[in-house]
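Report on one structure; see the data block that follows.
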Amino acid sequence: MSGCLYGKMADILTFFHTYMPLFHFEAEEFLDDDFPMMTSLEEDYWEDDEIPEEVGVLTLKNTVLFPGVVIPITVGRDKSIQLVREAYNTKDRLLAVVSQKNIEIEDPRQEDLFTTGTLAKILRMIKMPDGSVTIVIQGRKKIRIRQFTAVEPFFKATIYGVEEIAPSVEEIKALMNSLKEEANRIIDLSPNLPTEAKIALENISSLSFLTHFIASNLSLEVDEKQEVLELDYLLDKAERVLGYLTNELQVLELTEEIQSKVKLDLDKQQREYILRQQIRTIQDELGDQGFESDIDELKARADEKEWPDEVQKVFDKEINRLSRLSPAMPDYAVVINYIEWLLDLPWQKYNDENFEFSEVQKILDDDHFGLEKVKARILEHLAVLKLKEDKKAPIICFYGPPGVGKTSLGKSIARAMKKEFIRISLGGAKDEAEIRGHRRTYIGALPGRIVQGLKKASTSNPVIMLDEIDKVGNDFRGDPSSALLEVLDPEQNNTFRDNYLEVEYDLSKVMFICTANSLNTIHPALRDRMEIIEINGYSQEEKQEIAKRHLIPRLRKEHGLKAVNLNISAKALRQVIENYTRESGVRSLAQQVSTICRVAAKMIVMDGKEKIRVSEKNLNDFLGVKKFENEAYQKQLNPGVAVGLAWTAVGGEILFIESTMFPGSGRLNLTGQLGDVMKESATLAFTFLKAHAEKWGIPREAFKNWDVHLHVPAGAIPKDGPSAGITMLTCLASLFTQRLVKPSMAMTGEITLRGKVLPVGGIKEKVLAAKRAGIDTLILCKDNQKDVSEIKEDYLKGLHIHFVERMEEVLGLTLDKRVDKPINLAPGKKEDPSAMLTQLEQIKNIVGRA
């Protein structure tokens, strides 16, 4: 809404008093006799009036006519003038009034008009000096257009009346009281409205007319007024208008409050200004320097700065402005704060770039165990930076799960290059001003966090880490990701412009390092500007080395212990990693070691022990019972069970896939909270087995007469992905052929309907999980051979890996001999469903032969 309540009512009154001589009667007489406030009886009388079958249709551009309301209208269109003249010369002077959907259309068509309007009577008509016609009309009854019957020379249509559904007597009384109360409060707050308006409101006894009268005089858009008119339920209509009244009352109250505060603030400022001027005069008489000494100090600091000419011009302009301001004025603090920021920033101050490359590699190796590929990528970037003349730093993004050392790698790079390190956490940042700063027009404005970091570093070429860049959000205050596009683009960031500084700052020498846990939530254009370096989770062996070299010595020192006080055996440390943590990084491992240190410190202080050794046997005394149990391989004695390999965010695991069959109609049931992709893999395996049943000696009738249930244990954990394809195929083939899967064998790979085996990811984690679980034979896709070659040979000892391309190869490698008493799948032989229980005897026989 714009304006205030009854703005249009004031316009109507002004019109009447201006043009009253042309109507040849007094304004008071006009309003009293011809336009009385409508009563309930009159409203009922109008409701009983007969509605003509066909009337002319007058279109309104920027307002809506409500029943019972009187408004003046200036008619300028030729069609409308002709319609008004003809209607005025009739006995009833009636016409239908509807509003346009789009006020910009000069010559509307039928589809441009609302179909709900008001049957109105022309009360007065006058020719205006400019050739137009002005009429005063009064709405009589709400109508809807049934059909347009003519377009020329003006619109004509058949119409029908619309009855409004009235609420109960109690609801009418309550709504009228509420509407009048809100309207009277608005009249009290509006200086332009006469108090006689209250009397007019009190004389209205009809809820319908009261609602229409207030809605007509509210400064609403045409669409909003039309929505009110179209409501057939009077209760909904009154509540809608009451809501508009409440909003306008809040605006008026807030305006009144602001004006009162402004007046008080101005009075206070004038008083302070007079007092300051008196103090300044006294200081001049006494010879005191006052604030002018501060200005001289700022100029002296500026003489020592090396900055661009553009910044010097801005400084001179602001210092001249400051000299003309009184310290009592609000702008004084704003200007001096801005000048302080200009002086504090390291505009053209750079640290030495001559770092020793061998020292960089040594520091990275000392601070981080493993991560050979990651460190090699970092050294490549630093080598290029050392050779380049322009010294433009690369934009690097470390991507990986939590706790793998992304932030500590950034610190190590800064230490190796002998540069300042600034960390800026962007997690949860939703305001663009976090990056670009606020404009100085805002109270308490500050530069963005990039410029604040440069001030803290006191150099223009630090290492700035933008932590958690994948967790940047956006809302009505802007999108920080879009602001980062300029910061992280080497072609643009040499002219970065902060909203607060309003001068260009060269960020091209800054080395930006970003960190993220996921690439999916990073803006695509932002991701394109960064060199992505993936940091995978650590293996169990790497975690053990990290704990021995870094975590245990550091945490012993933090807890006031020495090496002689606390010793953790290798087996105990392995138990901590396997049974008390479940993560990709080492953050939880550090927490568990801290717990051991605290318990040891307590034992030293309270029990007087000097040497404490943590072993596999007494580990429970320090950390309690095991929190996690790793899945270990168990020899399978039933057909229909295969072992797969899975990747998780905390490393690899082995995955048992089980199946069983029972008489039915050939359905495949899947359980274990499987995702869509995993369900499709099971369907693929089942279909492939059907298509090649004869090759593996499976009778066709088996797929018609037996139902299959395939289950992946740990049903509370969601599972998805295509890598279990060959495991599901082996599981189902073992079930239908009644052949066991060879012992101590696991597999992973995607399958296709053509019988191909496709590569999958997470090979390193899966291979290490298989080794930990006691698996000695693996089946992988041939295309994954390159991934295996990147794993250290020490981790592959004792593993025999088969690389395959076809699903037939998988079944040839995995299926063992048949059980002694297989289930009869052939047709025509009725078997007891409980025959599956006889497999217990088969298991005994197999165990006996083993």
Under 17 Å from the Cα of Lys782, which lysines turn up, not counting those fewer than eight places away in the same chain?
Lys756, Lys764, Lys766
For the stretch 755-812, what percent of Cα pairs sit more than 13 Å apart?
59 percent
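Exceeding 30 Å between C-alpha atoms, which entries from my cross-link table qualify? They are Lys375/Lys626; Lys690/Lys742; Lys406/Lys509; Lys362/Lys388; Lys373/Lys411; Lys557/Lys771.
Lys375/Lys626; Lys557/Lys771
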From largest accessible area down, sort Lys411, Lys419, Lys317; use a 1.4 Å probe on the protein chains.
Lys317, Lys411, Lys419
So for the stretch 614-771, taking the charge dipole from beta-carbon charges (+1 Lys/Arg, -1 Asp/Glu), which of Val741, Gly624, Val760 sits furthest toward the positive end?
Val741
Quick one: Cα centre-to-centre distance for the stretch 723-756 and the stretch 606-630, in angstrom?
42 Å
Under 12 Å Cα-Cα from Lys386, which aspartates and glutamates qualify once same-chain neighbours fewer than 8 residues away are excluded?
Asp352, Glu353, Glu356
Mind grabbing the accessible area of Thr74 for me, 1.4 Å probe, Å², rounded to tens?
100 Å²
What percent do you get for the relative contact order of the chain when only Cα pairs under 8 Å and 6+ apart count?
7 percent
So if R0 is 41 Å, what FRET efficiency would Lys756 and Ala570 give, r being the distance between their Cβ atoms, rounded to the nearest 0.05?
0.40
Are there trypsin sites (Lys or Arg not before Pro) in the stretch 60-169 that DSSP marks as loop and that have at most 14 other Cβ atoms within 10 Å, and which are they?
Lys91, Lys101, Arg109
Distance between the stretch 445-518 and the stretch 545-569 - C-alpha centres, whole angstrom:
38 Å
Once the piece of chain linking Glu202 and Val788 is laid out straight, how much longer is it, given 0.36 nm per residue of separation minus the C-alpha distance between them?
202.0 nm
Return the distance in nm (one decimal) between the two label points of a simple spin-label model at Leu799 and Trp696, each offset 7 Å from Cα along Cα→Cβ.
2.6 nm
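Net charge within 9 Å of Leu645 by Cβ-Cβ distance, Lys/Arg positive one each and Asp/Glu negative one each, not counting Leu645 itself?
Working: positive: Lys766; negative: Glu653, Glu765.
Local charge sum for Leu645: -1.
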Over 17 Å [Cα-Cα, the stretch 702-781], rounded percent:
57 percent
By how many degrees, between 0 and 90 and to the nearest 10, does the Cα long axis of helix 169-189 differ from the longest principal axis of the chain?
80 degrees
Carbon/sulfur accessible area of the chain, % of total, 1.4 Å probe, equals 50 percent
Considering the Cα positions of the stretch 152-206, please state its Rg to one decimal place and its Dmax as a whole number of Å.
17.8, 49
Which of Pro447, Leu573, Ile395, positive extreme of dipole for the chain (C-beta unit charges):
Leu573
Report the Rg/Rh value for the stretch 80-185, based on alpha-carbon coordinates and the Kirkwood definition of Rh.
1.07
Would you report the distance distribution of C-alpha pairs in the stretch 554-664 as whole percents per 5 angstrom bin, up to the bin with the largest distance?
2, 10, 17, 17, 13, 10, 8, 7, 5, 4, 3, 1, 1, 1, 0
Ignoring solvent entirely, what values of log10 I(q)/I(0) come out of the Debye formula for the stretch 498-623 at 0.17, 0.22, 0.23 Å⁻¹ when each Cα is a single scatterer?
-0.88, -1.26, -1.34
Considering only DSSP states other than H, G, I, E and B, which trypsin sites (Lys or Arg not before Pro) in the stretch 441-526 qualify as loop sites with at most 15 other Cβ atoms within 10 Å?
Arg477
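Could you work out how much longer the chain between Thr255 and Gln110 gets when fully extended? Use 0.36 nm per residue separation minus the Cα distance between them, nm to one decimal.
Going from the current span to full extension adds 48.0 nm.
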Can you pull the one-decimal nm distance between simple spin-label points at Lys602 and Lys557, each 7 Å off the Cα toward Cβ?
2.6 nm
1.4 Å probe accessible area per residue over the stretch 122-257, in Å²
46 Å²
Looking at the P(r) of the stretch 608-720, how many percent of alpha-carbon pairs lie beyond 15 Å?
75 percent
I want the antiparallel fraction of DSSP beta bridges within the chain, as a percent rounded to 5.
55 percent
Using DSSP to define loop residues, name the chymotrypsin sites (Phe, Trp or Tyr not before Pro) in the stretch 345-451 whose beta-carbon has at most 14 other beta-carbon atoms within 10 Å.
Tyr350, Tyr442
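Magnitude of the Cβ-charge dipole of the chain, K/R +1 and D/E -1, about the Cα centre, nearest 20 debye?
With only Lys, Arg, Asp and Glu charged at Cβ, the dipole is about 6400 debye.
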Cα Rg, Dmax, the chain, angstrom units
42.3, 124
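The values are calculated or read from the model by the stated rules, or taken from the named source; none is laboratory data. None of these values were measured; they are calculated from a predicted model. Neighbour counts are summed over all protein chains in view; Cβ atoms, including those assigned to glycine, are modelled from backbone coordinates with ideal geometry. Note: areas computed on protein heavy atoms with side chains; ligands, DNA, RNA excluded. Shrake-Rupley method; radii C 1.70, N 1.55, O 1.52, S 1.80 Å.
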